[in-house]
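The values are calculated or read from the model by the stated rules, or taken from the named source; none is laboratory data. None of the values given here were measured: they were computed from a predicted structure. Quick reminder, even Gly has a Cβ in these numbers, built from the backbone with ideal geometry, and neighbours come from all protein chains shown.
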Amino acid sequence: MKLLSFGPAGKERPGVLLGDSLILDLTAASGGKIASLRHLLVQGEAGLAKVAGWLTLEHPPEHLHKVADVRLGPPLTNPSKIVCLGLNYRCHAEEQNARIPANPLLFAKAVTSLAGSGDPVWYPAGEEHLDYEVELAMVVGKTAFRVAPEEWESYIVGYTVLNDISARDAQRSDKKWFRGKSCDTSCPMGPWLVTRDEIPRPDALRLTATLNGEVRQDGTTSDLLFPMPEILAFVSRNITLVPGDIISTGTPKGVGIFRDPPACMKPGDEISVTVEQLGTLTNTIQERPDNRPSVYPVFP
């Protein structure tokens, strides 16, 4: 299944893709019992099975929406955590002459940094180097603590595409990554969550990033230094993960800051990131037009 959130930013409703062009409104179909995608995931396998059963049924027209007619938000509008990995592709470590880490290198992005497919990405004030990073993200489907590597898949409900947009000046000056990774709209995600059953080999997927039509990144998840079972086991060793949490697995080589000369994003640019079998996220870089705060996280 392809699960998603659609509608105006901050007012998204959960949905499931029917075919290629229609969305079933899960709030309407459930009589209000599914208020968000995270709310669905909390219901576990029983909730997912119910939604899967709805895919074969007839639905009233008012419960259906054309994909072309709606905005797609980030699939999860209210995750409790967005956990990311740095230096998790051998080729990315090599392009910056960085030492291979002994353990997964973790950092967090603020939930207020979320954005959807097609949303503008606001160019951060005071920055000169705004970068792109195509990533495969895992979505946690049930509460996870001290997960054994061999059991990892049972805790992951599915996968999505994430662009780990990075304000390099803040990242470098702070020596810590949180501020440079957490600017508003710096975490475009989507266009949907693809459930695990549709992706039997997440360790063999191609990832690409294209800036203004030029391919900048082109790698595969087979180059991960720490594979997904190890990632989930490491993250959950002392951190409880809950349904809807995001774990983004790192980016391959080709980011703008390590090109010679550096070639990062500017206002007016269009960045598209794709993960094979998951879809494509496209966003434009824009100057921020006002001082309105981020609408995320959205509850319930």
Review point. Which one is surrounded by the most Cβ atoms within 10 Å (Cβ to Cβ) among residues in the stretch 39-77 that are in contact with an Asp or Glu (Cβ under 7 Å, 6 or more places away or on another chain) and within 22 Å of ALA137 (Cα to Cα)?
Key: GLY73
Point to revise | Residue check for VAL161: assigned by TED's automatic domain parsing to the domain that holds LEU281 and part of a strand (DSSP E or B) | key: yes
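Could you list, in sequence order, all residues of the stretch 222-251 that are part of a loop (DSSP other than H, G, I, E, B) and among the small types (Gly, Ala, Ser)?
Applying the first criterion (part of a loop (DSSP other than H, G, I, E, B)) to the stretch 222-251 yields 225-227, 236-240, 242-245, 249-251.
Answer for the stretch 222-251, where residues must be part of a loop (DSSP other than H, G, I, E, B) and among the small types (Gly, Ala, Ser): SER236, GLY244, GLY250.
Per-residue answers, yes or no, for (1) assigned by TED's automatic domain parsing to the domain that holds LEU114; (2) more than 20 Å from the chain's Cα centre (by Cα); (3) of a type in the set (Val, Ile, Thr):
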{"residue": "ARG196", "(1), (2), (3)": "yes, no, no"}
{"residue": "LEU211", "(1), (2), (3)": "yes, no, no"}
{"residue": "THR249", "(1), (2), (3)": "yes, no, yes"}
{"residue": "PRO261", "(1), (2), (3)": "yes, yes, no"}
Practice item. Could you identify the single residue in GLY268, GLY254, GLY219 that is in contact with a strand residue (DSSP E or B) (Cβ under 6 Å, 6 or more places away or on another chain), in a loop (DSSP other than H, G, I, E, B) and at pLDDT 95 or above? Key: GLY254
Check your understanding: Is it the case that some residue within the stretch 207-214 is out of contact with any strand residue (DSSP E or B) (no Cβ under 8 Å at 6 or more places or on another chain) and part of a strand (DSSP E or B)?
Key -> yes
